[in-house]
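The values are calculated or read from the model by the stated rules, or taken from the named source; none is laboratory data. Computed from a prediction, not measured in an experiment: that's the story for all the values here. Neighbour counts are summed over all protein chains in view; Cβ atoms, including those assigned to glycine, are modelled from backbone coordinates with ideal geometry. Quick note on the areas: whole protein, heavy atoms, side chains included, nothing else; ligands and nucleic acids left out. Shrake-Rupley method; radii C 1.70, N 1.55, O 1.52, S 1.80 Å.
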Amino acid sequence: MHLKGYFTDLCLHFTEDETLIESMWQEIETQYSGKGRYYHDLFHLENMFIELESVKKLIDDFSTVSFSVFYHDVIYDTSSKSNEEKSASYAAERLHKMGLPQTIILKTENQILATKSHQKSDDADTNYLLDADLSILGKNSAIYFDYTRKIRKEYALYPDLLYKPGRKKVLKHFLELESIFKTEHFRDKYEQQARENIAAEIQLL
């Protein structure tokens, strides 16, 4: 999937200013290719779009969900607790510059904020976004453990003494959820494997 082409087509529905679109794409590319991004990079966005493509017909407003994918991790600092809030306001500012309707901007902000706690939403589109974001958890164990190594590299700032208990807490939180995945599609596809992967990782921490 060609992310830049997709982003450009998406934006052309709302503005004809190709210079603006190009500069916004450059910002996204720069942010996601930043030093220290081992997992939360452009490849992560690509994977999310591949996952969402298979449920496209079930999503009411694919444009909004797409903007949410592009911007949900645009600000990513492992020492910060407010990445989602910063990413949401970053998105709002950029989409406003493009002249998007306030309703879409607000929905995008809310969807990005939902990726903070990953709680089930009343909005079905948001649940598909959240599930695509977590789909890595349900991949085969080789892919899953590659992901855990990349996350560890992103948190290289923290010694094991701090990292391991924090990671364990996050993983246990997932296992305590009635269901990690919010939608039937992703639950059927990934729930079982995700629980096995997480349990296996906890054993190693």
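Quick check: is even one residue across the range 123-142 farther than 18 Å from ASN47 by Cα, polar (S, T, N, Q) and out of contact with any His (no Cβ under 7 Å at 6 or more places or on another chain)? No, the range 123-142 has no match at all. Residue count for the range 1-58, restricted to those that are among the β-branched types (Val, Ile, Thr), touching a helix residue (DSSP H, G or I) at 6+ places or on another chain (Cβ under 6 Å) and within 22 Å of HIS185 (Cα to Cα): 1.
Could you tell me which residue of the range 96-121 is surrounded by the most Cβ atoms within 10 Å (Cβ to Cβ), considering only residues that are touching a residue at least 60 places away in the same chain (Cβ under 8 Å) and not in a helix (DSSP H, G or I)?
We begin by selecting, within the range 96-121, every residue touching a residue at least 60 places away in the same chain (Cβ under 8 Å); these are 97-100, 120-121.
Add one more test, that the residue is not in a helix (DSSP H, G or I), and what stays is 98-100, 120-121.
Numbers: MET98: 16, GLY99: 10, LEU100: 20, LYS120: 15, SER121: 16.
Selected residue: LEU100.
Residues of the range 63-77 that are open to solvent by 20 Å² or more (accessible area, probe 1.4 Å) and either among the charged types (D, E, K, R) or closer than 14 Å to LEU130 by Cα (or both): ASP77 alone.
Of all residues in the range 42-66, those that are in a helix (DSSP H, G or I) have Cβ atoms under 6 Å from Cβ atoms of residues that are surrounded by 15 or more Cβ atoms within 10 Å (Cβ to Cβ) and among the small types (Gly, Ala, Ser), 6 or more apart or on another chain, in MET48/ALA132; GLU51/ALA132; GLU51/SER135; LEU52/ALA132. Per this entry, LYS153 is not counted among residues that are more than 24 Å from ASP77 (Cβ to Cβ), open to solvent by 50 Å² or more (accessible area, probe 1.4 Å) and of a type in the set (Lys, Arg). Of the residues making up the range 1-46, those that are farther than 22 Å from LYS153 by Cβ, within 18 Å of the chain's Cα centre (by Cα) and either β-branched (Val, Ile, Thr) or open to solvent by 30 Å² or more (accessible area, probe 1.4 Å) (or both) number 5. Among the conditions (1) open to solvent by less than 80 Å² (accessible area, probe 1.4 Å); (2) closer than 25 Å to ASP41 by Cα, the only one that ALA199 does not satisfy is (2).
Within the range 125-138, none of the residues are open to solvent by 50 Å² or more (accessible area, probe 1.4 Å) and either in contact (Cβ under 8 Å) with a residue 24 or more places away in the chain or touching a helix residue (DSSP H, G or I) at 6+ places or on another chain (Cβ under 8 Å) (or both). Consider the range 156-196 and keep the residues that are open to solvent by less than 50 Å² (accessible area, probe 1.4 Å) and among the polar types (S, T, N, Q). The one that is modelled with the lowest pLDDT is SER179.
Within the range 148-205, the set of residues being assigned to a loop (DSSP other than H, G, I, E, B) and more than 21 Å from ARG37 (Cα to Cα) comprises LEU177, GLU178, SER179, ILE180, PHE181, LYS182, THR183, LEU205. Residues in the range 78-95 that are out of contact with any helix residue (DSSP H, G or I) (no Cβ under 6 Å at 6 or more places or on another chain) and either of a type outside the set (Asp, Glu) or without any contact (Cβ under 8 Å) to a residue 12 or more places away in the chain (or both): SER79, SER80, LYS81, SER82, ASN83, LYS86, SER89, TYR90, GLU93.
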